[in-house]
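Everything on this sheet refers to the single structure shown next.
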Amino acid sequence: MSKDPTQTSAVTKRKKPPACDYCKARRVICHPQPDGKPCPRCVEKEVVCTTTPTVRRKPQRRHADNTEPTAAADAAPSTSKSCSSGASQRQAGQQNAEAPPVVASVSSRESTRIGPVLSWRDAHPLPAPLIEELIKVFPYLPQSQLPIVPYHRIHDKLEACGWNPSQLDAHSCVLAHCIVAVTARVSTHPMLIGADVTDTQLLEFLSSGNLMITPGLDLRELGRRRDTICRGLHDEACWLAREAGITIYTSEENAASCYLLDFLESSTHSYDSSLSWSAAMMWHVRALAESEDHSNLFSVNYRRLHWPVHLFDCALLSIGSGRSLPFTEHDERLICGLPPIDIETATITLATEPLTGKSIGEFIYPFLSHVIKLVRSSSENLVGPYARRQPLDEAMLTSHLCAVEALQKTCVFLHACIESAIPRVKRNWARPALANGLFITSLAVPGLLIPLHRELKRRLAADSSGGGGDAVGTGGHDGVGGLSSMTGIGHALPSTDYARRRLELLQRQVRALALRAVVEATRRARDLPSLPYMTHLQNTRFEEWLQMLVDESEGCDISPLERYETLERIADLFKLDGFAWVERSGAISLVESEMAYLQAQHHFVPHSWRPDAWADEMLVDGALEDQALGNETAALGDEDAFGDMWEMPMGDDHTSLVPPEDFLGQAIVPGTTPGMVDDPQMLGQSFLQADTHLDFTMS
């Protein structure tokens, strides 16, 4: 029986519209709205809801007589594509001819899928001069210093094709889009932030690019202006990455793309990031490290500390988000090489030998490795996903606290060494490098203690609500750790008042150490050398610090004045961070209300604060000159290019350094310090690599 035409028409009218680009890129369910209204998810995320049309082709029949009609049908929709899409398809065809059989078959399928799709870039084309500027700004970001990023290779390819990423092969094209998406967050090009800026402070900043011009500078308006187009570039990079299958095929380009996409994802979605790009990046890095063809990427010494710095940062971010570390101890050895000497031996060596660039650099690797070891232990035994489901091991907690307290004293000693070296350097670029070191190493203690404090509060709250069996437990080590250790039982028993009081005492100790660490870390943040370095260090740390200060406002671990000044510094950090990112968690309002409360209670007088900066720091008001890029290429690729950078003659009044007298049970006084004349790029490459702040105009 034939169907009623009215019923067929009704079914056609009820067909669901296609998903929007934002939901499609994240592979989540979309609820498209009628009359061109944005979907609920785009409204919630405050992004522009756009839907690119997709030409749906009929299934092809595999018969010889249908080959020509099918080819003609395939060619029809392609005539409506833009020039960039056509160039991309031609390049994909060239790649198929050179690829192995399996890869070629996959690439051919991807090219047929990409062909009919009108990409975001087709609707929002970026001119070649802007692409060139964004690519050349990349070396000024800390992300450029990881050896896995083949920056110069991508730069040369783009320069050869007229700065048109669509002319590159698929995987290089993805990496170029990722670099553009990252650098667009710090560029001041009018196409990104607009040409109608009227604020006097912002105009003065844009004309100079120097953080020293205005104390307490508020750059959030620039972040809001650039956010829409930056999110579009991010979504486009994600879409191209999935279309090209970068998580499947191992290469330097794909590992670098996963690394940059993980940074963008965790920066824009700090609370619901799945860390999938981070896992893919580590999978690629592991495969490359196992290959003899890429062994030159993974050597570590006092001049090349990129990998320990990256793993250190990755470990702290993972434990802060309550997730497991994405790399194993075997991965760490595979990537970084042989384990360094223990932290105690390294500290004694640094304290007793002359203070040189090499001695500081040789200390950094043991320091970073020791912090990663503590983070792994804390994740596996105290605060990680598995440990949270088990009774608390008090013996492990006590041992961990002792180790963190010793680490805090080590940080005090290291910072004293670095601060002693900063005023003696002759080269301007070394000062920002040392300042970066102060901030990066100061992240270790709060990064370890804040997640632990959060977990202890959760267990105490669970015990108060009747879940006491999960609050206090034991590891059964040496008869320490609660009721179960006393009875020899391997699982937790209901907690007693004595056990709870003991846990509360440990929690108060952790709180005091964490608050003190946050105060010191915010003081170090004021010395960050450049705006791009601060904005690309992931501001989720600032939110953790703020939450810690607000939640623990009733204690007496720090004075009200210290609390107020720390909140003021955090507020200024958020306002500067707004240059690149839009803060949507309400942190600024929270910190301002807390400051108003303290000001009303104690009659504090607010004052303007700004990060210290140097006159030779980076300007972000235009594309770099070709000559500057050439100089920088030499600086990054040739360790002997600046062999005379470390010239630090020490006067007689700066020949000794006394750390805390209770450190390692004795007062340690270094010997004479003849200078740092033999270590050209040590600190510039170790502390998130501030060697990009070289004065390229000098002879």
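Listing for the model above:
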{"item": "Separation in nanometres of the label points that stand 7 Å from Cα toward Cβ, at N164 and R26", "result": "3.4"}
{"item": "Computed FRET value (nearest 0.05) for Y597 with D199, which takes r as the C-beta separation and R₀ as 41 Å", "result": "0.90"}
{"item": "Residue order, fewest to most beta carbons within 10 Å, for S299, S251", "result": "S299, S251"}
{"item": "Unsatisfied cross-links (Cα-Cα over 30 Å) in the set K409/K457; K136/K426; K157/K358; K15/K45; K373/K457", "result": "K157/K358"}
{"item": "Residues V605, V412 arranged by fewest to most Cβ contacts within 10 Å", "result": "V605, V412"}
{"item": "Per-residue Cβ neighbour rank within 10 angstrom, fewest leading, R424, R185, R501, R153", "result": "R501, R153, R424, R185"}
{"item": "Over the range 212-323, relative contact order from alpha-carbon pairs under 8 Å, at least 6 apart, %", "result": "19"}
{"item": "Rough spin-label spacing in nm, given labels placed 7 Å along Cα→Cβ, for E405 and E353", "result": "3.0"}
{"item": "Amide N proximity, the range 326-346 versus S377 label position 7 Å along Cα-to-Cβ, cut-off under 14 Å", "result": "342-344"}
{"item": "Ranked by how many other beta carbons lie within 10 Å on average, peptides 186-195, 585-594 from highest", "result": "186-195, 585-594"}
{"item": "P(r) tail fraction, the range 333-460 - alpha-carbon pairs more than 26 Å apart, %", "result": "32"}
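Rule-based calculations on the coordinates, nothing more; no lab input. Nothing here was measured: the structure is a model prediction, and the numbers come from that model. Glycine gets a Cβ as well: all are built from the backbone with ideal geometry, and neighbour counts include every protein chain shown.
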